[in-house]
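Trainee: Can you keep this structure in mind? I'll have questions shortly.
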Amino acid sequence: PTDPYMVGKDGKYLYVFLALKGDTGNLGWARQAQATLEETAKALRDQGPFPKDLELRFSGSLVIRLEEDAFLQSDLKTASAVGFFAVVLLLVLYTRRPRTLLLLSFPLLVGITFTFAFAELAIGRLNIISGFLASILSGLGIEFAIHLYLRHLEERGRGKGVDEGAAASMATTGRSL
């Protein structure tokens, strides 16, 4: 529509059309623009001749993009947590030792946390591709620990002590890893 205002056919709705100048692909700018629009609209409602209970709704590509990003971030967090816990749970079930949960998951969690902290500082925000890093890193990051731990259990099964088993697993498996 060429007119920036339009009243619905039933007279109940007033539509206001805005064209924003800015980079809507930049989510930081988009959030700031949306917040400014909502604050301005609420201030006009509260200070103008409008009823105080006038309902305001916002729509358009900017709102949809922000909603999609919020859903994406939520889904990525869920997928990352499920991936991490699935890897660790499989190891606990395989070894049948609850201690495996602590021995393997804690270092993995610390490593992934440092990775995402670095990404936050260096890049600032994850996109849909880099958002799957937690699931991928859970699998790749625990691979060395799995081999070392299972080799250690094998050495312990042969009657070696904790220190001897760790030394043997590092000498044989650690070198090849």
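Trainee: For the stretch 138-177, place one equal point scatterer on every Cα, skip the solvent, and apply the Debye formula. What is log10 of I(q)/I(0) at q = 0.16, 0.25, 0.32 Å⁻¹?
Mentor: Summing over Cα pairs of the stretch 138-177 leads to -0.35, -0.73, -1.00.
Trainee: For the chain, with a Gaussian network of springs between Cα atoms less than 10 Å apart, report the residue from Pro51, Pro98, Pro107 with the top mean-square fluctuation.
Mentor: Pro51
Trainee: Return one whole number: the accessible area per residue of the chain in Å², for a 1.4 Å probe. Numbers along the way, then the final one.
Mentor: Details: 12930 Å² over 177 residues.
Computed with neighbouring chains in place, this is 73 Å² per residue.
Trainee: From the convex hull of the Cα coordinates of the chain, what is the mean projected area in square nanometres?
Mentor: It is 16.6 nm².
Trainee: Just subtract the alpha-carbon distance of Thr172 and Glu68 from 0.36 nm times their residue separation and send over the number in nm, one decimal.
Mentor: Numbers: separation 104, 0.36 × 104 = 37.44 nm, distance 4.91 nm.
Full extension of this stretch gives 32.5 nm more.
Trainee: Further question on the same structure: Out of the chymotrypsin sites (Phe, Trp or Tyr not before Pro) in the stretch 1-102, which ones are loop residues according to DSSP with at most 16 other C-beta atoms within 10 Å?
Mentor: Counting only loop positions with at most 16 other Cβ atoms within 10 Å, the chymotrypsin sites (Phe, Trp or Tyr not before Pro) in the stretch 1-102 are Tyr13, Phe17, Phe58.
Trainee: I would also like to ask the following. Arrange the residues Asp163, Asp46 by how much accessible surface each exposes, largest first, with a 1.4 angstrom probe.
Mentor: Numbers: Asp163 130, Asp46 70 Å².
The residues order as Asp163, Asp46, largest area first.
Trainee: Whenever you get a sec, compute what percent of the accessible area on the stretch 72-177 sits on carbon and sulfur atoms (1.4 Å probe).
Mentor: Here carbon and sulfur together make up 69 percent of the probe-accessible area.
Trainee: Under the rule that an exposed site lies in a DSSP loop and has at most 10 other Cβ atoms within 10 Å, name the longest stretch of the chain with no trypsin sites (Lys or Arg not before Pro) of that kind, not counting the sites themselves.
Mentor: That would be 97-157.
Trainee: For the chain, with the dipole built from +1 on Lys and Arg beta-carbon atoms and -1 on Asp and Glu ones, taken about the Cα centre, which of Val16, Ala168, Leu101 lies farthest toward the positive end?
Mentor: Farthest towards the positive end: Ala168.
Trainee: A further question on this structure: For a 27 Å ceiling on Cα separation, which of these pairs sit above it: Lys52/Lys77; Lys21/Lys42; Lys9/Lys52; Lys21/Lys77?
Mentor: Beyond 27 Å: Lys52/Lys77; Lys21/Lys77.
Trainee: Could you tell me what percent of the accessible area of the stretch 9-48 is made up of carbon and sulfur, with a 1.4 Å probe and every protein chain present? Don't skip to the end; give the middle numbers.
Mentor: On the way: 1700 of 3170 Å².
On the stretch 9-48, the fraction of accessible area on carbon and sulfur atoms equals 54 percent.
Trainee: Still on this structure, I have one more. List the residues, sorted by chain then number, that are 5 or more residues from Tyr15 or on another chain and whose placed amide H is less than 5 Å from its amide H.
Mentor: Met6, Val7, Gly8
Trainee: Using only the Cα atoms of the stretch 39-109, what semi-axes does the equivalent ellipsoid have when each is the square root of 5 times a gyration tensor eigenvalue? Give whole Å, largest first.
Mentor: Working through the eigenvalues yields semi-axes of 50, 13, 9 Å.
Trainee: Next up: 222 nm [θ] for the chain, helices only, -39500 (n - 2.57) per DSSP H run of 4+, per residue, to 500?
Mentor: Values: 6 runs with 112 residues, N = 177.
-21500 deg cm²/dmol, from helical runs alone.
Trainee: Separate question: Have a look at Ala19, Ala43, Ala81 and tell me which one the Gaussian network model of the chain (Cα, springs below 10 Å) gives the largest fluctuation.
Mentor: In the Gaussian network model the winner is Ala19.
Trainee: Rank Glu143, Glu120, Glu55 by mean-square fluctuation in a GNM of the chain with C-alpha springs under 10 angstrom and give only the top-ranked residue.
Mentor: Of Glu143, Glu120, Glu55, the most mobile in the Gaussian network model is Glu55.
Trainee: Between Ser61 and Ile136, how high is the FRET efficiency from 1/(1 + (r/R0)^6) when r is the Cβ-Cβ distance and R₀ = 35 Å? Nearest 0.05.
Mentor: 0.70
Trainee: Given a Förster radius of 25 Å and the C-beta distance between Phe144 and Phe116 as r, what FRET efficiency does 1/(1 + (r/R0)^6) yield to the nearest 0.05?
Mentor: After rounding to 0.05, the efficiency reads 0.80.
The values are calculated or read from the model by the stated rules, or taken from the named source; none is laboratory data. This is a predicted model, so every value here is computed, not measured. When we count neighbours, we look across all protein chains shown, and the Cβ atoms used for this are built from the backbone with ideal geometry, even at glycine. Each accessible area value is taken on the protein alone, full model and side chains, heavy atoms only, with ligands, DNA and RNA left out. Shrake-Rupley method; radii C 1.70, N 1.55, O 1.52, S 1.80 Å.
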